[in-house]
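Trainee: Mind looking over this structure? Questions follow.
The values are calculated or read from the model by the stated rules, or taken from the named source; none is laboratory data. Please read all numbers here as calculations on a predicted model, not as lab measurements. These accessible areas exclude ligands, DNA and RNA; they are computed on the full protein's heavy atoms, side chains included. Shrake-Rupley method; radii C 1.70, N 1.55, O 1.52, S 1.80 Å.
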Amino acid sequence: MVTSAKRSGSLLLVSLCAVAALATACSDDAPSAEEALADGFVDMTGEEVVTIDVLDNVFEPERVVVSEGTEVRWENRGRTPHNVIASEEGAFDDVPVAEMQPGDVAVRTFDDAGAYPYYCSLHGTPERGQIGEIRVVAS
Ligand SMILES: [Cu+2]
């Protein structure tokens, strides 16, 4: 009796995890502007070109929500080199990952809705330090 009770308990745990995983996948697939604004993102939807100032050592603004098809330009306005690295490997593979010297600009057009966290590997990690995020929503 004890053995069968343990078995049904672990089956229940497995199915709850499956439901939680599905719910997470759904919200990642369709980010909304309302969610992003509630999370403190700066609303730059409807702009064709959005500029992120790369300073020593922050991205300004740090978190922006943009529409699909927006060209994002990172401009190094600091006095030291920086870079822009996708926190999720591969998400940003067409943004130069070499050091941006003061005055340099890196450009990427975001055609697909999604969450694109990034960081400067010279002054941060994917979790802290010089970090930012582009949230792209359907236009
Ligand atoms: Cu940096």
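Trainee: Can you list residues from other chains, or at least 5 along the same chain, whose modelled amide H is less than 5 Å from the amide H of Thr51?
Mentor: Amide H neighbours of Thr51, under 5 Å, 5+ apart: Arg73.
Trainee: Oh, and also: Please report, as a whole percent, how much of the solvent-accessible surface of the range 33-137 comes from carbon and sulfur atoms (probe radius 1.4 Å). Mind dumping the intermediate values first?
Mentor: Numbers: 2270 of 5300 Å².
That share works out to 43 percent.
Trainee: Please calculate the 1.4 Å probe accessible area of Ser139, with all protein chains present, and give it to the nearest 10 Å².
Mentor: We get 120 Å² for Ser139.
Trainee: Mind checking the per residue accessible area of the range 33-137 for me, 1.4 Å probe, whole number of Å²?
Mentor: Values: 5300 Å² over 105 residues.
On a per-residue basis, 50 Å².
Trainee: How much length, in nm to one decimal, is gained on full extension between Val105 and Ser121, taken as 0.36 nm per residue of separation minus their Cα-Cα distance?
Mentor: On the way: separation 16, 0.36 × 16 = 5.76 nm, distance 1.67 nm.
Taking Val105 through Ser121 to full extension adds about 4.1 nm, to one decimal.
Trainee: Something else now. Give me the Kirkwood hydrodynamic radius of the range 33-137, using the inverse of the mean 1/r over all pairs of distinct Cα atoms, in Å to one decimal. Could you put the intermediate results ahead of the total?
Mentor: Values: mean 1/r = 0.0745 Å⁻¹.
For the range 33-137, the Kirkwood estimate is 13.4 Å.
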